[in-house]
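K.L.:
Structure provided below as structure tokens; questions to follow.
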Amino acid sequence: MTTTDSPGTKEPTGGDVLVAVMRRHGIDTAFGVISIHNLPLVEAVARELKFVEVRHEAAAVNAADGYARATGKIGVAITSTGTGAGNAAGSLLEALTAGSRVLHVTGQIESEYLGAGGSTRGVIHEVPKQLQMLDAVSRYAASIERAEDVEADLEIAIAHILAAPQGPASVEWPSDLQYLARPADQRAYEPPVFDTPAPDSSAIAEAVALLSAAERPLLWVGGGAAGAKAELAALLHTLGAGLLTSNSGRAIVPEDDALVIGNFATAPEVAPLLADADLLLSVGTHFRSNETKSYHLRLPAAQIQIDVDPAAIGRIYPAKVGIVGDTAATLAAINGALTSTSVDPGWSAQVTATRVAVRAALTDYIGGYAEICTAMRSVLPRESVVARDVTIPSSQWGNRLLPFYERETNIFPLGGGIGQGLAMGIGAALGRPEVPTAVIAGDGGLAVHLGELASLAGSGAWCVVVVFNDGGYGVLRNMQAANGFDRSGVDLFTPRFDLLAAALDMPYSLVQGPGRFEKAFADAVATRGPAIVEVDIAAVEPPPGPFTPPVHIPVREG
């Protein structure tokens, strides 16, 4: 579409409004799948910023999610309406679980055909109650109803994304209004302001009194503490306490700190420390079932809990003192008021000894994987992202033993969904182009979105995919074996990754046996682009101990 007086100049569209909003928030990249229901949006982003083509809408959201986690910015995913929006829903659920800053802009059929009350006309891509579906998997969801409201609607969605607790927002945009919206025609608006509750001063005083009297304190942090790095580190070292984390809370304090035990709360070696502790301060954590032995993990009776969400206080473990507020402000207030401590002089040494013991025990248990874990960390810079799909190497040692030094580099599907790691890694790699990104995937998980290897190849991102191949779903094999179940559904036909890499014009190497991974991985990283390293799990020596997921199997009484 061109103007009559300037034949070579395109008229602005709603895509230009989207570009202006993205620029205002420092966003330079969007991920998506082009469609007849989002053409103006893709055209403008590709022209003015960077549009990364992926093969599936779920991957678009995963990539935007990975970009957001790695950069601290908002990740943008553009999808089509109907089936396209439905495809994105599972990945939005992951972003919701992780509290990730994702703006999902999806198409919608032309506004004149939108049926009231979910009635349908049979328009192509029409889906009744699409907005309700998006609302179920997003922190906020809205529909654009007028061309002049586009900028306001997008800014309102972003305000919800950034408000605590953070999470994804979805905006459905009828295709006719994408063409008709103009930057110059946008109405004035006031984005909503969400106030974070200030911590109660009396609760702060109670917490300080407990911390001052504690002799053997521990801290447990989740992703909600991400904005309080300096305050958390200061309190940790003032107390000489031990730091336990959820997977999401890893590396808020760098994991080479002597007081960081890490994501090892359920390890047998930590049990004596938990038994000796007389106080637990938890910050921004959900105490997830897989990290608390399905809520049966014994923790100190005296607990202080800090969370921005009032509903989280005491939800899993009773809190003697509950503080609702921004974690950075709350910890800063505690630091300012904590003038003395009663910590046992030997407590920090016991913490560090436990830290060493859990790592030594897991290193010994995973056999030949230990060499791979060490090599991966030695090759990658501290600033590199390691995005991990749900697979045995990730769950067994990637989520615990592989060290991280910035929270933004630790990317893993917190909702537990398989197949999301590759797209997350693509997004992270494009968000941090100055350093290599690694993806840890299994053959089964990688096959869920195998087409995204083509997206990676096309993007040119500096990303090495390490495929651990055991010919199926090894985690579930182990679970079936451990519980006496029949072996079914876990042995999969697996593609030849060497031929697949050749078809994609990507460097490839196969690792079989000890002493070979570090060179293969270093060579792949040195290509400064997409590459695949396949690890034959059957050849890992010494053989690792089995990993069985911490899933509760009920026993029938009687």
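K.L.:
Out of A251, A258, report the one residue that is in contact (Cβ under 8 Å) with a residue 60 or more places away in the chain, on the phi > 0 side of the Ramachandran plot and not in a helix (DSSP H, G or I).
P.N.:
Of A251, A258, the one residue that is in contact (Cβ under 8 Å) with a residue 60 or more places away in the chain, on the phi > 0 side of the Ramachandran plot and not in a helix (DSSP H, G or I) is A251.
K.L.:
Closer than 17 Å to V351 by Cα, at pLDDT 95 or above and part of a helix (DSSP H, G or I): which single residue out of L244, L210, L235 fits that description?
P.N.:
None of the others qualify; the one that does is L235.
K.L.:
Could I ask something else about it? Any idea which of (1) among the charged types (D, E, K, R); (2) outside the structural domain of R216 (by TED's automatic domain parsing); (3) under 25 Å from L239 (Cα atoms) is the one D276 doesn't satisfy?
P.N.:
Only one criterion in (1) among the charged types (D, E, K, R); (2) outside the structural domain of R216 (by TED's automatic domain parsing); (3) under 25 Å from L239 (Cα atoms) is unmet by D276, namely (2).
K.L.:
If you don't mind, another one. Within the range 513-532, count every residue that is surrounded by 14 or more Cβ atoms within 10 Å (Cβ to Cβ) and within 19 Å of G367 (Cβ to Cβ).
P.N.:
6
K.L.:
Could you tell me whether I316 is farther than 21 Å from L402 by Cα, outside any loop (DSSP other than H, G, I, E, B) and touching a residue at least 12 places away in the same chain (Cβ under 8 Å)?
P.N.:
No: the conditions fail for I316.
K.L.:
Mind listing whichever residues of the range 271-293 are in a helix (DSSP H, G or I) and surrounded by 22 or more Cβ atoms within 10 Å (Cβ to Cβ)?
P.N.:
Hits for the range 271-293 are L273, E291.
K.L.:
Residues that are in the same structural domain as S348 (by TED's automatic domain parsing) and in a helix (DSSP H, G or I): does the range 214-223 have at least one?
P.N.:
Yes: one or more hits.
K.L.:
While we're looking at this one, here's another question. Quick one: which residue in G368, G346, G336 is over 22 Å from G227 (Cβ atoms), modelled with pLDDT of 95 or more and more than 28 Å from the chain's Cα centre (by Cα)?
P.N.:
Only one candidate qualifies: G346.
K.L.:
Within the range 498-520, can you find the residues that are of a type outside the set (G, A, S) and under 13 Å from F468 (Cα atoms)?
P.N.:
L510, V511, Q512, F517
K.L.:
Let me ask something else. Select, from A349, A328, the only residue that is under 29 Å from G66 (Cβ atoms) and among the hydrophobic types (A, V, I, L, M, F, W, C).
P.N.:
Sole residue among the options that is under 29 Å from G66 (Cβ atoms) and among the hydrophobic types (A, V, I, L, M, F, W, C): A328.
K.L.:
Okay, next question. So E408 clears everything in (1) crowded, with 23+ Cβ neighbours inside 10 Å; (2) within 14 Å of the chain's Cα centre (by Cα); (3) part of a helix (DSSP H, G or I) except one condition, right? Which one?
P.N.:
(1)
K.L.:
Go through G545, G513 for me and flag whichever is in the same structural domain as A461 (by TED's automatic domain parsing), of a type in the set (G, A, S) and assigned to a loop (DSSP other than H, G, I, E, B).
P.N.:
So the residue among G545, G513 that is in the same structural domain as A461 (by TED's automatic domain parsing), of a type in the set (G, A, S) and assigned to a loop (DSSP other than H, G, I, E, B) is G513.
K.L.:
Then there is this: Residue by residue through the range 475-489, note down the ones that are under 24 Å from the mean Cα position of the chain (by Cα) and surrounded by fewer than 23 Cβ atoms within 10 Å (Cβ to Cβ).
P.N.:
Hit for the range 475-489 is L476, nothing else.
K.L.:
Still on this structure, I have one more. For the range 517-539, enumerate the residues that are in contact with a strand residue (DSSP E or B) (Cβ under 9 Å, 6 or more places away or on another chain) and not in a helix (DSSP H, G or I).
P.N.:
T527, G529, P530, A531, I532, V533, E534, V535, D536
K.L.:
Return the residue satisfying two criteria in turn: it lies in the range 340-373 and is of a type in the set (V, I, T) and in contact (Cβ under 8 Å) with a residue 40 or more places away in the chain, and of such residues it is surrounded by the most Cβ atoms within 10 Å (Cβ to Cβ).
P.N.:
I372
K.L.:
Restricting attention to the range 19-33, which residues are crowded, with 20+ Cβ neighbours inside 10 Å and touching a strand residue (DSSP E or B) at 6+ places or on another chain (Cβ under 7 Å)?
P.N.:
Hits for the range 19-33 are M22, I27, T29, A30, F31, G32, V33.
K.L.:
Could I ask something else about it? Considering only residues that are part of a loop (DSSP other than H, G, I, E, B) and either modelled with pLDDT of 95 or more or hydrophobic (A, V, I, L, M, F, W, C) (or both), which ones fall in the range 416-447?
P.N.:
Within the range 416-447, I418, G419, Q420, R432, P433, E434, V435, P436 meet the criteria.
K.L.:
Name the residues in the range 298-312 that are surrounded by fewer than 16 Cβ atoms within 10 Å (Cβ to Cβ) and within 27 Å of the chain's Cα centre (by Cα), would you?
P.N.:
D309, P310, A311, listed by residue number.
The values are calculated or read from the model by the stated rules, or taken from the named source; none is laboratory data. This is a predicted model, so every value here is computed, not measured. All Cβ positions, even for glycine, are placed from backbone atoms using ideal geometry, and neighbour counts span all protein chains on display.
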